[in-house]
Amino acid sequence: MQGFLKPVTTIKPRSTDPTSLRYVRSYLILRLGIGFGGLALPFILVFCDGLLFSGDPFPRDSISAYYYSGMRDLMVGAICSTGVFLLAYKVAERNLDNTLSILAGLAALAAALSPPRLPAGFSPSPLQDLVGNEVTAWTHFVSAVIFITCLSVLCVCFGIREGSRDPQKGKLPPTFWRIYHWVCAGLIAAALLWMGSYELFSHWGPKQTLLFGETLALCAFGASWLLKGLELDTLRGRPAPLQSEQ
């Protein structure tokens, strides 16, 4: 059991074996896709809803509110795909990254498939009819909090590992990447606190506080994962050698 809570603190140099590189490149491309999705999703939902479906209100109060818009299928599909990726991300390993990824993946799927609180004028879904609007709303809310929290801790883990790398020629120093990923983690945590204070203190603040907070969290997550996968030398099939090897 302890193995599932053990953080990974080091990273091995990328293999130069052509067969291994093909798998690593595919893995990095998936990371890029998840990172780009995290950055783009909030803006796609907001602007496509306004342009294609005359979203009212514009923008809506939260990302969850887009479940009851013309962008619902895209929102649910994007979050589900992220959840499936996170479930498979470290599934063959036994460490804290794997545990956090599995929790985040399950939470993402639960949040995507559990409708948020039903607005006035909308008919309940079959799931809401089956278990009740309150149950699905709370499942959606708690799952979203778990999902975002796990993403923040994963960014901390990224920083620990990236900071332990040996320097490589032509790349930014490991200290930069440690700080970069920790800043992303801090932004996600700050977004959670901001949204939590808004909910606890009688919705004090802008009406779209939840939308702004969720957008900040997703963009910080996306930025961390996007640059974590943007290893251009490996993507091109030519991993940079360690400085100590030169």
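Structural remarks
- Residues in segment 80-133 that are surrounded by fewer than 20 Cβ atoms within 10 Å (Cβ to Cβ) and among the small types (Gly, Ala, Ser): 9 in all.
- Asp166 over 24 Å from Ala220 (Cα atoms), out of contact with any Gly (no Cβ under 9 Å at 6 or more places or on another chain) and touching a residue at least 40 places away in the same chain (Cβ under 8 Å): yes
- For segment 123-179, filtering for residues that are at pLDDT 95 or above and over 24 Å from Ala107 (Cα atoms) leaves 1.
- Conditions (1) over 28 Å from Leu232 (Cβ atoms); (2) of a type in the set (A, V, I, L, M); (3) surrounded by fewer than 19 Cβ atoms within 10 Å (Cβ to Cβ); (4) at pLDDT 85 or above: number failed by Ala65: (3)
Here's the yes/no breakdown for (1) charged (D, E, K, R); (2) touching a Cys at 6+ places or on another chain (Cβ under 8 Å); (3) modelled with pLDDT of 95 or more:
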| site | (1), (2), (3) |
| --- | --- |
| Asp56 | yes, no, no |
| Pro59 | no, no, no |
| Val76 | no, no, yes |
| Cys80 | no, no, yes |
| Arg94 | yes, no, no |
| Ile102 | no, no, no |
| Arg117 | yes, no, no |
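Yes/no per residue for (1) closer than 20 Å to Val145 by Cα; (2) under 22 Å from the mean Cα position of the chain (by Cα):
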| site | (1), (2) |
| --- | --- |
| Gly37 | yes, yes |
| Val46 | no, yes |
| Arg60 | yes, yes |
| Tyr67 | yes, yes |
| Gly70 | no, no |
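- Residues that are in contact with a helix residue (DSSP H, G or I) (Cβ under 8 Å, 6 or more places away or on another chain) and part of a helix (DSSP H, G or I) within segment 47-64 comprise Cys48, Asp49, Ser64, listed in sequence order.
- If you go through segment 165-224 and keep only what is closer than 20 Å to Leu39 by Cβ, β-branched (Val, Ile, Thr) and surrounded by fewer than 18 Cβ atoms within 10 Å (Cβ to Cβ), you end up with Ile179, Val183.
- Filtered residues of segment 162-218 (kept if in contact with a Pro (Cβ under 8 Å, 6 or more places away or on another chain) and among the hydroxyl-bearing types (Ser, Thr, Tyr)): Ser164, Thr215
The values are calculated or read from the model by the stated rules, or taken from the named source; none is laboratory data. Being a predicted model, the structure only gives us computed values, none of them experimental. Methodologically, a virtual Cβ is constructed for each residue, glycine included, from the backbone with ideal geometry; neighbour enumeration extends over all protein chains shown.
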